[in-house]
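Below: the structure, in structure tokens.
Since every read-out is calculated from the coordinates, none of them should be taken as a lab result. These numbers come from a predicted model, not from an experiment. Glycine gets a Cβ as well: all are built from the backbone with ideal geometry, and neighbour counts include every protein chain shown.
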Amino acid sequence: MTDSTPRWTLPLLAAGQAQKEMTHNEALTLLDLVVQPCIESVGLNAPPADPQAGQAWIVGDTPQADWRDHAGHLAGWTEGGWRFLAPRPGLSAWSRADQCRCEWDGTAWRTGRVVGREFLIEGKKVIGAQRPAIAFPVGGQVTDNEARNALESVIEVLRGHGLIASG
């Protein structure tokens, strides 16, 4: 039997263990940090001078002081000091500073990126997978330059938004 959980390394109680409440409370403290996390900011390298219990940050790439050796970790301040959790793929947190979600993709934190297969509003698909390139209009017996310029502008906007591939 191991002494911690496999995903979040939460401490487990051992049979006959003295002071079980300490192990249990530590596990609850770590759960409080990782369940629906809300962080102050992403990428801070030095711990803040006056953190409040319950506040959390995502540690930057070159951590200093108490955060040394915890790059990319979720760092939470508790009454007992700093607690750290190494992220797992799919962990996301709300960033107060950025006003959006950030997600650990297995190698780095991605802020403000939304990944999906389709976008629905009131049950109706409004954005889906990128479509093949659309060629600009050419030729024809009658040329309407204003209409052609308008179509080219629409195609460029759709390409710029990534909705259709570049031709």
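Structure above, values below:
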{"read-out": "Karplus-derived 3J(HN,Hα), 6.51/-1.76/1.60, for each residue of the range 24-41, Hz, glycine and proline x", "value": "4, 5, 5, 4, 5, 4, 5, 4, 4, 6, 9, 7, 6, x, 10, 10, 6, 6"}
{"read-out": "Summed residue charge, Cβ within 13 Å of Arg113's Cβ, Lys/Arg positive, Asp/Glu negative", "value": "-1"}
{"read-out": "Contact order relative to length of the chain, as percent, for alpha carbon pairs under 8 angstrom and 6 or more apart", "value": "12"}
{"read-out": "Calculated log₁₀ intensity ratio I(q)/I(0) where the Debye formula runs over C-alpha points of the range 119-160, q = 0.16, 0.29, 0.30 Å⁻¹", "value": "-0.58, -1.01, -1.04"}
{"read-out": "Environment charge of Phe84, counting only residues whose C-beta is closer than 13 Å and scoring Lys/Arg +1, Asp/Glu -1", "value": "-1"}
{"read-out": "Relative exposure of Glu79, Glu103, Glu156, judged by other C-beta atoms within 10 Å (fewest first)", "value": "Glu79, Glu156, Glu103"}
{"read-out": "Volume of the Cα convex hull of the chain, divided per residue and given in Å³", "value": "201"}
{"read-out": "Computed Kirkwood radius, in angstrom, where 1/r is averaged over Cα pairs of the range 20-111", "value": "13.2"}
{"read-out": "Value of [θ]222 nm, deg cm²/dmol, for the chain, DSSP H segments ≥ 4, -39500 (n - 2.57) each, nearest 500", "value": "-6000 deg cm²/dmol"}
{"read-out": "Shape call, the range 1-44: gyration tensor on alpha carbons, a/c limit 1.5", "value": "prolate"}
{"read-out": "Dipole-positive endmost among Pro89, Ile121, Pro63 within the chain (Cβ charges, Cα centre)", "value": "Ile121"}
{"read-out": "Cut-off 14 Å between beta-carbons: net charge of the residues surrounding Leu151, Lys and Arg +1, Asp and Glu -1", "value": "-2"}
